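Data first, discussion second: the structure below is written as structure tokens.
What follows draws every value from the coordinates through simple rules; no lab data is involved. What you see is a predicted model, and the numbers here were worked out from it, not measured in a lab. No Cβ is skipped: glycine too gets one built from the backbone with ideal geometry, and neighbour counts run over all protein chains shown.
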Amino acid sequence: MSTAGRPDESAPVASDLAASLDDAGLVRIVAAATGDAVAATGVLADALETRDTAYQASVVPVPSTGDRTTDADCTVAIGRPAASADLTIGCSEAASTVAFDAAATIASPDPVLALAGTVAAGDTPQGTVLEAAEAAGIERRPGIAVPTADRIDGLAHSTLVTGPFSGDVESAGELLADIDADATDEETRRTVASLVALAVAGDSDGIERGADAVERVLRPYVGGPFETVGGYADVLDAVAREQPGLAVALAVGSADTETALRTWRDHGRQAHAALASAKTGRYDGLFVVRCGDPAPVGTVARLVREFRSPEPVVLVVADGEAAVVGPAGKAVGETTRVAAQAVDGDGGGTPTRGRARFDAEGTEFVLAFREAQ
């Protein structure tokens, strides 16, 4: 299958992005509906405001085209392809890292926001973003990466992880029933982290990726507008998928955090409920998950691939929509586009993520996707 036109074949380095922004009078940002893309948008928006450069930022979920609606001097696509983009970042790497390095040439970007975006992307924090965060006093501590001081609430609604405690406050409470869940000493924090790690290991059916993925929720960085940076990442990602405008406001520091937390809780409950009731099928190289409606298919696909799938590519199908997650090298977005076209739908994405909308039966899309692989 051809992969011509993949957006990151010649991804610009941060210096190229910085130069383009520096020369522009009006910048348009087209971001994917992900926590990383929204965080990168916030980092760039802050830098542009520092330089008094006009900009328009919008979150446009795939497969919407993200075509040009304003006559901008520079259009930057973040975490997704866009036909009108002059530059595309974040389709094969954390967009927040590139945005931070570009912004640092013209301003003093927020390392906590960039760090949260990196965590949301599933990348290990390192390099200039981590150095700047540590210089700003951001440290790691024992415990779990949730956005709330209430660990039970945070664990039940987290979408950084899935386990027997997910989606239900009572189940999360049972996991921590033998300790003082409100205690803040280091020993209690370590115990909570150990209990979560063991519960996830016992629930993931030996999926090796789960051992790596669970690290995102353990020993978190502390700082920012929520209890932990990882919790901030989780909220950004959930809100980006549910209320994109609120997500951008959260990234630029003008959103009500309580509203964002309510959205995050609702999203987490829906994702874990959909996962709990889903039907699955295994094929060579593909794991298919069929959910009821409504279902946040993008979040479900990520959780399944990280913690449940024995195959490298995960396809989640709900009523008239699908999400696909896979490793680099599988041309997931292109495969999704071809499959969607085969059932008269719309699809697309990046090398590792795909989204589609269609009017056909879910089974038809699954067959089309398998044929397109």
*What order do you get for 305-311, 180-186, 190-196 when each peptide is scored by the mean count of other beta carbon atoms within 10 Å, highest first?*
305-311, 190-196, 180-186
*asked:* Under 5 Å between amide hydrogens, which residues at least 5 positions from residue 29 or on another chain qualify, with H placed 1.01 Å from N in the peptide plane?
replied: 56, 57, 58, 76
_Tell me the net charge near residue 236. Cut-off is 13 Å between Cβ atoms, residue 236 excluded, with +1 for each Lys or Arg and -1 for each Asp or Glu._
-4
*Give the long-range amide H neighbours of residue 62: residues separated by 5 or more places, or on another chain, with amide H under 5 Å away, using H modelled in the peptide plane at 1.01 Å from N.*
33
*Highest first, please rank the peptides 356-363, 159-166, 145-152 by the mean number of other Cβ atoms sitting within 10 Å of their residues.*
159-166, 145-152, 356-363
_Quick check: residue separation of residue 198 and residue 67 times 0.36 nm, minus the Cα distance between them. What number comes out in nm?_
42.6 nm
*Please state the Cα pair-distance histogram of segment 208-284 with 10 angstrom bins from zero: what percent is in each bin?*
17, 39, 31, 11, 2
_Helix-only mean residue ellipticity at 222 nm, the chain, DSSP H runs n ≥ 4 weighted -39,500 (n - 2.57), per residue, nearest 500. What is it?_
-13500 deg cm²/dmol
*Give me Rg over Rh for segment 14-136, both radii from the alpha carbons and Rh done the Kirkwood way, two decimal places.*
0.94
_With 10 angstrom as the radius, rank 55, 283, 221, 232 by how many other C-beta atoms surround their C-beta, starting from the fewest._
283, 55, 221, 232
*When semi-axes √(5λ) of the Cα gyration tensor in Å is calculated directly from the model, which label among (1) 34, 26, 20; (2) 38, 25, 23; (3) 30, 28, 16 fits?*
(3)
*When the Karplus curve 6.51 cos²θ - 1.76 cosθ + 1.60 is applied with θ = phi - 60°, which whole-Hz ³J(HN,Hα) does each residue of segment 226-236 get, with x for Gly and Pro?*
10, 4, 9, 5, x, x, 4, 4, 5, 5, 4
*Would you mind telling me the antiparallel percentage of the DSSP bridges in segment 278-372, rounded to 5?*
80
*Just order 256-262, 325-331 by mean Cβ neighbour count inside 10 Å, highest at the front, would you?*
325-331, 256-262
*asked:* Just want the ordering: 51, 216, from fewest to most Cβ atoms lying within 10 Å of their own Cβ.
replied: 51, 216
*Scaled to the compact-protein estimate 2.2 N^0.38 Å, what is the alpha-carbon radius of gyration of segment 115-159, rounded to two decimal places?*
1.31
*Enumerate the calculated ³J(HN,Hα) couplings along segment 23-32 in order (Karplus 6.51 cos²θ - 1.76 cosθ + 1.60, θ = phi - 60°), each rounded to whole Hz, writing x wherever the residue is Gly or Pro.*
8, 8, x, 9, 10, 10, 10, 10, 10, 5
*Can you tell me the alpha carbon radius of gyration of segment 278-372 divided by the globular rule-of-thumb value 2.2 N^0.38 Å?*
0.91
_Can you say what percent of the DSSP beta bridges in the chain, counting only those with both residues inside, are antiparallel? Round to 5._
55
*Quick one: what are the phi-derived ³J(HN,Hα) couplings along segment 140-154, Karplus 6.51/-1.76/1.60 with θ = phi - 60°, whole Hz, x for glycine and proline?*
8, 9, x, x, 10, 8, 10, x, 10, 5, 7, 5, 5, 4, x
*Using amide H atoms built 1.01 Å from N in the peptide plane, name the residues 5+ places from residue 218, or on other chains, whose amide H lies under 5 Å from its own.*
145
